[in-house]
1. Can you give the log10 of the normalised intensity I(q)/I(0) at q = 0.12, 0.17 Å⁻¹, computed with Debye over equal Cα scatterers of segment 74-205?
2. Could you pull out the pairs from Lys106/Lys218; Lys58/Lys219; Lys106/Lys174 whose alpha carbons sit more than 25 Å apart here?
3. Using 0.36 nm per residue, how much length does the chain from Ser228 to Val189 gain when fully extended, once their Cα-Cα distance is taken away?
4. Just read off the accessible area of Ile205 with the full protein assembly in place, 1.4 Å probe, to the nearest 10 Å².
5. What FRET efficiency do you get for Ile120 and Glu211 if R0 is 51 Å and r is their Cβ-Cβ distance, rounded to the nearest 0.05?
6. At R0 = 35 Å, how high is the FRET efficiency between Asp56 and Asn152 if r is their beta carbon distance? Nearest 0.05 is fine.
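The values are calculated or read from the model by the stated rules, or taken from the named source; none is laboratory data. On a predicted model such as this, the values are computed, not experimentally measured, just so you know. Here the Cβ positions follow ideal geometry from the backbone for every residue, glycine too, while neighbour counts run over all protein chains shown. Accessible surface is based on the protein model in full, side chains and every heavy atom, while ligands, DNA and RNA are left aside. Shrake-Rupley method; radii C 1.70, N 1.55, O 1.52, S 1.80 Å.
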Amino acid sequence: GKGFPFLVHSSKKCLTTMSDLDSPAHIRLRCRAEDLTTSTTGMAGNFLQANLLCIDDKYAFDFLLFCNRNPKPCPVLEVLEHGRRESCLAAGSNICTDLPSYNIFKSGKLVDSRNNIDEIWNSNLNAFLMGCSFSWEYELVNMGIRLRHIDNGQNVAMYDSNIDLVPAGPFGGKMVVSMRPILASQVPVVERVTDEYPLAHGRPIHVGNPEAIGISPKKLQNPDYGDSVEIADGEVPVFWACGGETGAYNSAATTIPIGEQIKC
């Protein structure tokens, strides 16, 4: 699976001047034209990116409660109710067309992937926009901190952990985490910078020994989602809460999870 965040405007000042071609609006238009169908990691530097999950109205309150109880992996930016397609955070946007790809889940099973969801959209769906860790990657890179998945043109590695989530209605389970290898000497800076992004998962939830959170050495090289990445000498694995479980632990609802929500 790949992460396909929805790009919105950020209240955080950009570190560099961005051309119109790199702007969130232009990238959304490329998605709408199906010219961009890959992960948006490394794009639209220092603008807020969001994961999108659309869910039937009858499960929306339980899911909002689930997010409220688990704000680290599920930081809610906006809720679009009853069939609304345009985000208040992105004027002129259309959540049915403006993402690179959509994963379709029904009753907890992945049934389809497509480049837009116009044909299956209905007025009973509520759309949740949740902060994504891609939002702060640009700032780290701009500070000289290398992120190997960006260097390699890959998606971030993601894993099922042994960390319990607080359940709500049909939602619950274990936390999904994303991992980035970071030089040990740079970890304090990375923790400080990402801590300034509470709406994009914030600071790491774990640094170092993966087995402490249920990830074996073999599994570390073979992530549950995303792409495998090498951990070089002098680097340590750094783990962040991830929005993957927003689709992963729902056996009752009919959902359309998009973004890092790649398992049901």
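1. The computed values of log10 I(q)/I(0) come out as -0.63, -1.19.
2. On the way: Lys106/Lys218 31 Å; Lys58/Lys219 36 Å; Lys106/Lys174 20 Å.
Distance filter (> 25 Å) returns Lys106/Lys218; Lys58/Lys219.
3. Values: separation 39, 0.36 × 39 = 14.04 nm, distance 2.40 nm.
So the extension gain works out to 11.6 nm.
4. Rounded to the nearest 10, that gives 60 Å².
5. Taking R0 as 51 Å, the efficiency between Ile120 and Glu211 is 0.80.
6. Numbers: r = 38 Å, r/R0 = 1.07.
For Asp56 and Asn152, the calculated efficiency is 0.40.
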